[in-house]
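The values are calculated or read from the model by the stated rules, or taken from the named source; none is laboratory data. Because the structure is a prediction, the values reported are computed rather than measured. Here Cβ is always computed from backbone atoms with ideal geometry, including for glycine, and neighbour counts include all displayed protein chains.
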């Protein structure tokens, strides 16, 4: 194409996947109305099963549009999760295409429903606050939030398409050795750049093409000042949402080696990333190895564990209060003996490391103008047990009367960060009392606690003083 010839961008094809019920169809129509400006501007071209023309082969036409769409909207509701067509077929195919880098999938929460553990639960959802559309006081405001979120994603897709087009036009054809690790075969029409595992070169094959075009992956940021770590989806969503509100920019994903890292941009001058581990410290995806790998690939000078915990000082604490680790005690390492009458004698034998003085000083400074929930700085217990038993909690409190709360990933954070000589601290908020009632209003209490912890961390980051030091 000549250099002065304008590039005509085709609209992004959007596919609605939703349950074939009257309520969800009504909500889909409202969403489509709120997206009309994007359609009028030529940014999107929408398709849904209502577009099927009389006499056409429904399954074949639907499959063709699902396969060709670049943006797939999952309209989540109880009926969606119960639908064999939407949940059982369309969603699985959509997620498979996203995993191959062929499409972008966005879950949109239409109506309240428990979806934790669903295959799409790890994705960024809209509305951005995680509140279903029908739960908003003004439904139009919810749809506007969704439309703005989709518009931001379209901006990202536009940048990626431009970048990929530029990369493809400047790449010199070459043929890698057959069977080499850098070779990945993608059959059929290619709608964007595909990057292989571990940032290897991917070879794109167009139908009828006889030469292979290896495309180098786009450069990635490989260092940061602050690495935030979460362990659950509710924690991750809270951090992503609040950081996006703070910076005014959407996060971007970076796939580095085995990890998925969220680039949260710059807060208080500190380039900040987020990574999610599994719950607990152990295991191949637990906090210890996740933090260790994050430190190795991003070289942060500070790692902050952000999320939810259980409280232990019932008289001085309230649900949603924030806990900051001045010290940490791993309760798994204990000596269990007997007294003279045969009773158990349990003594904690774990280390009691102190969090980084630099990060403790930043936390205390942040308290000077913090107007949110109360913040308690003290000893946190950490272990791989998910504690929801009042007897175990009281036994722990007898061992460590000063403990302000407990959680599951701090011990792994400490072990990895201390070994790498990186500053660390735990900031979590109370979502329960470990009293056997964890399931009561669980979703709401966990969301509130995660947001409180994330808000305090962003407040501390905003004041500065955490720019990378080498």
Does any residue in the range 433-453 that is closer than 14 Å to residue 233 by Cα come within less than 6 Å, Cβ to Cβ, of a residue that is assigned to a helix (DSSP H, G or I) and modelled with pLDDT of 85 or more six or more places away or on a different chain, and which pairs are these? 446/234; 447/234; 450/234; 450/235; 450/238; 451/238
Of the residues 78, 20, 2, only one is at pLDDT 90 or above and surrounded by fewer than 21 Cβ atoms within 10 Å (Cβ to Cβ); which? 78
If you check residue 293 against the conditions, is it in a helix (DSSP H, G or I) and in contact with a helix residue (DSSP H, G or I) (Cβ under 6 Å, 6 or more places away or on another chain)? no
If you check 116, 85, which single one turns out to be assigned to a helix (DSSP H, G or I), surrounded by fewer than 21 Cβ atoms within 10 Å (Cβ to Cβ) and not assigned by TED's automatic domain parsing to the domain that holds residue 444? 85
Just name the residue that is farthest from residue 373 (Cα to Cα) out of those in the range 308-332 that are assigned to a strand (DSSP E or B) and touching a helix residue (DSSP H, G or I) at 6+ places or on another chain (Cβ under 7 Å). 330
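Residues are listed down the side, and each one gets a yes or a no for (1) at pLDDT below 80; (2) under 16 Å from residue 74 (Cα atoms):
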site	(1), (2)
100	no, no
104	no, yes
122	no, yes
132	no, yes
136	no, no
143	no, yes
170	yes, no
Complete set of residues in the range 271-287 that are surrounded by 21 or more Cβ atoms within 10 Å (Cβ to Cβ) and outside any loop (DSSP other than H, G, I, E, B): 272, 273, 274, 275, 276, 287
Does any residue of the range 268-277 turn out to be farther than 19 Å from residue 465 by Cα, out of contact with any strand residue (DSSP E or B) (no Cβ under 8 Å at 6 or more places or on another chain) and modelled with pLDDT of 85 or more? no
